[in-house]
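Down below is the structure, laid out as structure tokens.
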Amino acid sequence: MTDQTSSKSNSVQVSHLRCIGCGTVFEKAQQNFRCASCDDLLEIVYPDWNRSDATRLDAAKLRALWRQRRTSGLPVDESGVWRFREFLRSFDEKDVISLREGNAPLYEMPGCARVAGLPQLYAKHQGMNPTGSFKDTGMTVAASVARREGFRWVACASTGNTSASMAAYAARGGMRSLVLIPEGKVSWGKLSQALDYGAVTCQLKTDFDGCMRVLNEVVQRMPIYLLNSVNPYRLEGQKTAAIELMEQLDWQPPDHVIVPGGNLGNSSALGKAFIEMRQLGLISRLPKVSIIQAAGANPLVRTIRQNGGKELISVQAETAASAIRIGNPASWKKAVRVLQVTGGTVEEVSEAEIALAKAEIGADGIGCEPASAVTLAGLKKLVEQGFVKPGESVILILTGHLLKDPEFTLKFHRGDLFAGAISEKELAILRPQQRAPIVLDATVDAVVQTLKAADDQLEL
Ligand code: F0G
């Protein structure tokens, strides 16, 4: 499909759907968003951006336009995704389904910097989106495409966040949504969102990878629009987090960006954005984008370490960070390319390391869901290995809100998260971070005594 857009600031933009494997350009994507010739994934490319003449987007004009839109009251300008719409395919403003997504804060993390051994550390909190995860930035774009193309139904397989986000955007856009999730492996916060936003929610007796397999067949048979991250419009929307980050950093790229890896759509999208921003002269160099996985769900780590990223090594995934419990990631090739082009690396972290990092992010007054905490846990290792050097600037991408998975947090603080599954040594490291609720008689004395004891402990 060739599409054109005119932006007030700049010139007409052309974009194509192109296969990442064989390079074939398509008029229109198939229902499963795979190449009709070689079955690889598609990506959206902007051929004009390679030109050096006056029709190319102008970096200074774009920066000024995007900044100016922050003072506008138009819904598309208030959205932290559509504000950067020159980086998306063309859209009529009336077709946009928006919950004012994006606009995610960049926080300084002094406590986390200390534990990582760095003088300074920042986190971009994508969990501060309307449904509490980064998925909203991609969903606003892909759901808008679904409605524009006339679909009544949209669908996804999910570990929870995609389904929550899709259900919300479908509801706002007047569409129905079908959710396939692994039974018993999705946190209650996320499941309850899908229900409340009105999705038809099916808990399948399989894992995420099994849900994905079933859904791929369903979309071939039924007129239903697939909203997983194989849909390249999702990734286009998710790119804007990187643009927003660069704006927050006054267009000075950090040395490192650290991202959790599950289905590998987000790392692919952020990497694509950095590459495109450099192409257009919005930034002068690329940050190293590194991807962290849970050790029990580490297909990318194995793939890179065992064959340099040539062939995917799938795994049977297991981790309490349920959002990234994925063994057969769809976007692995795109992620490998991002690692290669940006010079990033991969790392894996244990369950105890994830839990500790999550509590440390919480102790900075920020908090996140377990999958996001792999970033800090991974960073500690990258600092130890010397891949991240003490003077370098680092941004952690926190992908989900603390309240997405309160059960994990409660179990951690009560001390029953691991139920004997980790060593005594690891438990001893976690203990100082655990703050179980204290049950007391309803007396002033009891509360005062508890307060004094807590204060004494602080002074130790
Ligand atoms: N962090 C959170 C909170 C997630 O929900 C996910 C993915 C990831 C990280 C990994 O991102 O897949 O782009 O590599 N969640 C998907 C879902 C799979 O269904 O909600 P990714």
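Since every read-out is calculated from the coordinates, none of them should be taken as a lab result. Source: prediction; values computed, not measured. Here the Cβ is made from the backbone with ideal geometry for all residues, glycine too, and neighbour counts use every protein chain on show.
The table below lists the values:
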{"item": "Equivalent ellipsoid semi-axes - Cα gyration tensor, the range 368-427, angstrom", "result": "26, 17, 7"}
{"item": "Mean-position separation - Cα centroids, the range 285-306 and the range 141-155, in angstrom", "result": "32"}
{"item": "The chain: angle of helix 135-148 to the longest principal axis, Cα-based, in degrees nearest 10", "result": "30"}
{"item": "Members of LYS61/LYS239; LYS288/LYS381; LYS358/LYS380; LYS190/LYS272; LYS185/LYS205 lying beyond 21 Å, as alpha-carbon distances in this model show", "result": "LYS190/LYS272"}
{"item": "For the range 23-132, convex hull of alpha carbons as volume per residue, Å³", "result": "223"}
{"item": "Kirkwood-based shape ratio for the chain, expressed as Rg/Rh from alpha carbons", "result": "0.98"}
{"item": "Length gained when the stretch GLN220-VAL439 is fully extended (0.36 nm per residue, less Cα-Cα span)", "result": "73.4 nm"}
{"item": "Exposure proxy ranking, count of Cβ atoms within 10 Å, fewest first, for LYS389, LYS334", "result": "LYS389, LYS334"}
{"item": "From the C-alpha gyration tensor of the range 308-460, square roots of 5λ in Å", "result": "36, 18, 14"}
{"item": "Sequence of SER52, SER192, SER331 once ranked by neighbouring C-beta atoms within 10 Å, starting from the fewest", "result": "SER52, SER192, SER331"}
{"item": "Sites SER284 and VAL25 - FRET efficiency at Förster radius 41 Å, r taken between beta-carbons, to 0.05", "result": "0.85"}
{"item": "Computed FRET value (nearest 0.05) for ALA60 with ASP40, which takes r as the C-beta separation and R₀ as 35 Å", "result": "0.45"}
{"item": "For the range 197-205, Karplus couplings with θ = phi - 60° (6.51, -1.76, 1.60), whole Hz, Gly/Pro x", "result": "7, x, 6, 7, 10, 10, 8, 8, 7"}
{"item": "Modelled FRET efficiency - R0 56 Å, GLU384 with ARG152, Cβ distances, 0.05 increments", "result": "0.60"}
